[in-house]
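Data block below; observations after.
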Amino acid sequence: MKSPRKVLLVAPLLLLLPFHTSASAAHDDQPGARPSNGHTCVGCVLVVSVIKQLAQVHNSTVQASMERLCSYLPEKLFLKATCYLVVRTFGPDIIKLLSADMNADVVCHTLEFCHQGPGQALCHLYPLPKEAWKVTLEKARQIVKKPPTLKHLRGGADICALPFLAKICQKFKRTIRNSVPFRDVDSDNYSISPTLRGYHWRGRDCNDSDEMAYPGRRPDRWDEHRDSNCNGIWGVDPKDGLPYEKKFCEGSEPRGIVLLGDSAGAHFHIPPEWITASQMSLKSFFNLPTALTDELDWPQLSGATGFLLNATSGIKGNSIYLHLRRRNRCNHRDYQNISKNGASSQNLETFIESLSRNPLLDHPAIVIYAMIGNDVCNGRSDPVPEMTTPEQFYSKVMETLKYLNARLPNGSHVILYGLPDGTFLWDHLHSRYHPLGQLNRDVTYGQLYAFLSCLQVSPCHGWMSANETLRTLTSQRAALLSNTLKKIATNQEFTSFRLYYMDFDFQEIIKKWQKRGGQPWQLLEPVDGFHPNEVASLLLADDLWDKVQLQWPQVLGKENPFNAQIEQVFGDQGGH
């Protein structure tokens, strides 16, 4: 599986938009994939487009727009410095080509960030020039005389190839590959740092020098002298001499929430202001370092484990974790988002061991298995043969369930979440303008989908396609896999947990949103045109919570009658 740290070009400018690498399986690592680096091509076209549009918005030169873009980037992670390095390296060529009225496709093919191999289709985001492509490209090549010493920077472009970033990149890659915190002194899989798989992903450690103190464990001696489970409840009530943990939490059936998911569960998100010239300012990229060190995911805002909600979504809603915490404040900080960009039933085994649950020492958990896309999604020109078959799916899901049976405390619950019918992507977006095309009304989502599919880097060619037959075939396979989950939930029993199945009914979410006066396209990520956005994630979380509460209330545990007293004594319980 390709690491999300592989970036599009040789600078953070082109690191802004690796959604095709980060959010889908690494199909282009497999035999038969397109030999050119499609991700590099996409990154080049998008960034050159932004440079051109910045010059248009501010009525400035191309040189000034490149410098403006660099000035917006933070100093952290060498983002600003590397940007200026790239401008010095490639800026003169970009200036010449854009001044000659060449579009971003022509610029990137001329500079060889994009490449059309023998017998391959010409991949382009914008309409082709009026002149024949070969004539236009030859004119562009005459304008630019490329020094051969730079060729290695274009072909396999990876920011981690830069010597001064190599060491830190290796540390980042190791953290992401293993899906465990980068900073974890006591090696209990919990951290006091937010990013790099820290507490944005799982509850914050309250003592990083003690491996026996972590979220989700049963209290040690009722936490008379220390907070062993990090829920902020500890000490003794001086009025009656009872430990607060025993007084407020005993018999309340505490439990945590664990998500086994993909990029949708991790809440993959690229802010549209990163690529929208008319909205770009010094404030646009303040969260870029955080986003990069969280793999362009925002689990702290996710529908499953989010705890920083409602600040940006504009709607009232709660994650599953916040619902569970509101029901019983003894559940404070007990969440784990074990999700990964590109995850599927077929590769979950490579990172499921990062799940932290001791069957003897910890509270039960509610585990949501939500591999909702990558078993049917890939970017191949013919994606159907690469889709997971029901037989393969059954085998891998059963392996996962057996692993969970050995790791989860008794009394746990596992919910298998079905796959969606993703035809809504094309239906609601294809004719709308992408953020990159809104200024000049020249790029629709249909054009973006075609460009990504041509390069074989689409996160889901099967659903992001003009081919109605292909979209139908993809939905049919998704339905077969969902039926497989349903059969497993009906026919299989395990000793440490009970098993349930729930449909992923996005059409129902769309109807609820429309009743609020919204439009379906407003539920999808605007930049990648693929993932559910924060609003959709919260609506899905509320829907799941309501259905579980109605059908299987035992999954959620009791409502704690001492919640108000916990809040009175411990306030926000140390926060998140």
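The values are calculated or read from the model by the stated rules, or taken from the named source; none is laboratory data. For clarity, every value in this text was computed on a predicted model and none was experimentally measured. Quick reminder, even Gly has a Cβ in these numbers, built from the backbone with ideal geometry, and neighbours come from all protein chains shown. Just so you know, the surface numbers come from the protein's heavy atoms only, side chains and all, with ligands and any DNA or RNA stripped out. Shrake-Rupley method; radii C 1.70, N 1.55, O 1.52, S 1.80 Å.
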Estimated distance in nm for a label pair at T350 and V144, the labels positioned 7 Å out from Cα along Cα-to-Cβ: 3.3 nm
Reach of K134 by Cα under 26 Å, taken over lysines that are not fewer than 8 positions away in the same chain: K52, K96, K145, K146, K151
Label-to-label distance, nm, for residues given as L308 and D442 (7 Å Cα→Cβ offset): 3.6 nm
Using alpha-carbon coordinates, inclination of helix 79-99 to the longest axis of the chain, degrees: 30 degrees
Folded to 0 to 90 degrees: helix 534-551 orientation relative to the chain principal axis, Cα: 30 degrees
Extent along principal axes [Cα atoms of the range 57-140; Å; largest to smallest]: 43, 28, 19
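Below 13 angstrom from the Cβ of P238, what's the summed charge of the other residues (Lys, Arg +1; Asp, Glu -1)?
In short, -1.
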Low-density loop cleavage sites - chymotrypsin sites (Phe, Trp or Tyr not before Pro) in the range 220-258, where at most 12 other Cβ are within 10 Å (DSSP): none
Potential lengthening between V135 and A406 on full extension [0.36 nm per residue; Cα-Cα distance subtracted]: 91.1 nm
Nearby aspartates and glutamates by direct alpha-carbon distance to K239 (threshold 19 angstrom, same-chain neighbours under 8 apart not counted): D223, E224, E250, E567
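Report the gain in length on full extension from S431 to A81: 0.36 nm times residue separation, minus Cα-Cα distance, nm rounded to one decimal.
Gain on stretching S431 to A81: 122.2 nm.
Considering only protein heavy atoms, what per residue accessible area in square angstrom results for the chain with a 1.4 angstrom probe?
Working: 22930 Å² over 576 residues.
Ligands and nucleic acids excluded, the figure is 40 Å² per residue.
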Unit charges on C-beta of K, R, D, E only; dipole of the chain, Debye: 1160 debye
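How long is the gain from M212 to Q63 if the chain were fully straight, where each residue apart is worth 0.36 nm and the alpha carbon distance is subtracted? Let's see the in-between values first.
On the way: separation 149, 0.36 × 149 = 53.64 nm, distance 5.62 nm.
Here the answer is 48.0 nm.
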Greater than 20 Å apart at Cα, pairs in K512/K558; K511/K547; K487/K558: K512/K558; K487/K558
Dipole of the chain, positive direction: furthest Cα of Q346, T136, L361, with charges on the beta-carbon: T136
Cα centroid of the range 401-420 to Cα centroid of the range 70-97, whole Å: 47 Å
Cα-centre dipole for the range 176-260 with unit charges at Cβ (Lys and Arg positive, Asp and Glu negative), debye to 20: 360 debye
Set of aspartates and glutamates near K316 by C-alpha distance (under 12 Å), chain-local residues within fewer than 8 positions excluded: E534, D542
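Which value does Rg/Rh take for the range 357-490 over its C-alpha atoms, Rh per Kirkwood?
Working: Rg = 18.7 Å, Rh = 16.8 Å.
Ratio value, two decimals: 1.12.
Is it possible to state the helix-based mean residue ellipticity at 222 nm for the chain, with each DSSP H run of 4+ residues giving -39500 (n - 2.57), the sum divided by total residues, to the nearest 500 deg cm²/dmol? What is it? If you can, show how the numbers build up before the last one.
Working: 19 runs with 211 residues, N = 576.
The per-residue figure over the chain is -11000 deg cm²/dmol.
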Calculated FRET efficiency for the pair R516/A466, C-beta based, R₀ 30 Å, to 0.05: 0.50
Magnitude of the charge dipole, the range 270-396, Cβ model with Lys/Arg +1 and Asp/Glu -1, debye to 20: 760 debye
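Measure off, as a whole percent, the carbon and sulfur share of the 1.4 Å-probe accessible area of the chain, all protein chains present. Could the numbers behind the result be given before it?
Details: 12000 of 22930 Å².
Carbon and sulfur: 52 percent of the exposed surface of the chain.
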Angle between the chain longest axis and helix 38-58 axis [Cα atoms, degrees, rounded to 10]: 80 degrees
